[in-house]
Amino acid sequence: MPSAAASRAARQEETRAALVETAARMFMANGYHATSLDAIAREAGFTKGAVYANFQSKEDLFLEVHAQRAQRFVEETAALIDELGPAETIHRLARETSTRRGRDDGWLAVYFEFWAHVLRNPRLRERFAALRAKSRTVFEAALSQAANDSGVRPLQNYAPAVVAMNALQVGLALERLTDPDLVPPTLGERISRLALENLDPSLLEEGT
């Protein structure tokens, strides 16, 4: 039979999970600034005190939502690399940037909203940047594998290439949210293939 402490820990974990799930849904539906902790607590069936027992602030709660999504993305991308290979995985993810219309737009919109929010807060900016770096790590490994598979001279650091490619895809996602007809369904993948086919390692090294 579980101890009282174990039961309390399990209940707290259930409460935390319910708050994260509810917050994710409400953030995506209404936006970051328009969603209050009171509303999240009420929708999840808890008091505001339950929120503060698990999270320091609304920013902390949003970053937990982001952290869980980032972890799922890393795991799913690693599985895709095993299934499709690194290059094809990069192309598929780039294709989804242009074809995910309506499927994940709520998250993209609130993600960009929070991104603008953290730029004015150095503490939050560091945590946000760390989560973005975690998501890029799996891409760096994929790009390194893809370069090796194609016989391109390997780099010691693939981070700049991933940052550049990711910036292109983020830009496409933002443009698509603003004007859905502006980004053709194949544009993200075409840019991805162009980048990999013309990858010149010397252009990514310092001092060139």
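Bear in mind that the values in this text are calculations on the coordinates, not laboratory data. Computed from a predicted model, the values in this text were never measured in an experiment. Positions of Cβ are generated from backbone atoms using ideal geometry, with glycine treated the same way; all protein chains shown enter the neighbour counts.
Quick one: putting +1 on the C-beta of Lys and Arg, -1 on the C-beta of Asp and Glu, what dipole do you get for the stretch 1-55 around its Cα centre, in Debye to the nearest 20?
100 debye
For the chain, set up a GNM with springs between Cα atoms under 10 Å and report which of Thr178, Thr97, Thr89 has the largest fluctuation.
Thr178
Going through the stretch 61-162, which trypsin sites (Lys or Arg not before Pro) have at most 11 other Cβ atoms within 10 Å and a DSSP loop state?
Listed in order of number, the matching sites are Arg103, Arg120.
Residue-wise, which Karplus ³J(HN,Hα) couplings in Hz belong to the stretch 45-57, taking 6.51 cos²θ - 1.76 cosθ + 1.60, θ = phi - 60°, and x for glycine or proline?
x, 10, 8, 5, x, 5, 5, 6, 6, 10, 9, 6, 6
I'd like the Karplus ³J(HN,Hα) series for the stretch 159-174: coefficients 6.51, -1.76, 1.60, θ = phi - 60°, whole numbers in Hz, and an x wherever there's a Gly or Pro.
Those phi angles translate into 4, x, 5, 5, 4, 5, 5, 5, 4, 4, 5, 4, x, 5, 4, 5 Hz.
What is the Cα convex hull volume of the chain when expressed per residue in Å³?
Per-residue hull volume (Cα only) is 167 Å³.
Got a sec? How would Ile191, Ile90 order by Cβ neighbour count within 10 Å, fewest to most?
Ile191, Ile90
Taking the Cα centroid of the stretch 44-100 and of the stretch 120-143, what is the distance between the two, rounded to the nearest whole Å?
Comparing the Cα centres of the stretch 44-100 and the stretch 120-143, I get a distance of 12 Å.
Starting from the amide H of Val183, placed 1.01 Å from N in the peptide plane, find each other amide H under 5 Å away whose residue is 5 or more places distant or on another chain.
Counting only residues 5 or more places away or on other chains, the set is empty.
Mind putting a number on the dipole of the stretch 67-142 about its Cα centre? Charges go on the C-beta only, +1 for Lys and Arg and -1 for Asp and Glu, and I need it in Debye to the nearest 20.
440 debye
Once Lys and Arg get +1 and Asp and Glu get -1 on their Cβ, which of Ala17, Trp115, Ser192 lies farthest toward the positive end of the dipole of the chain?
Ala17
Using just the Cα positions, wrap the stretch 1-55 in a convex hull and report its mean projected area in square nanometres, one decimal place.
3.8 nm²
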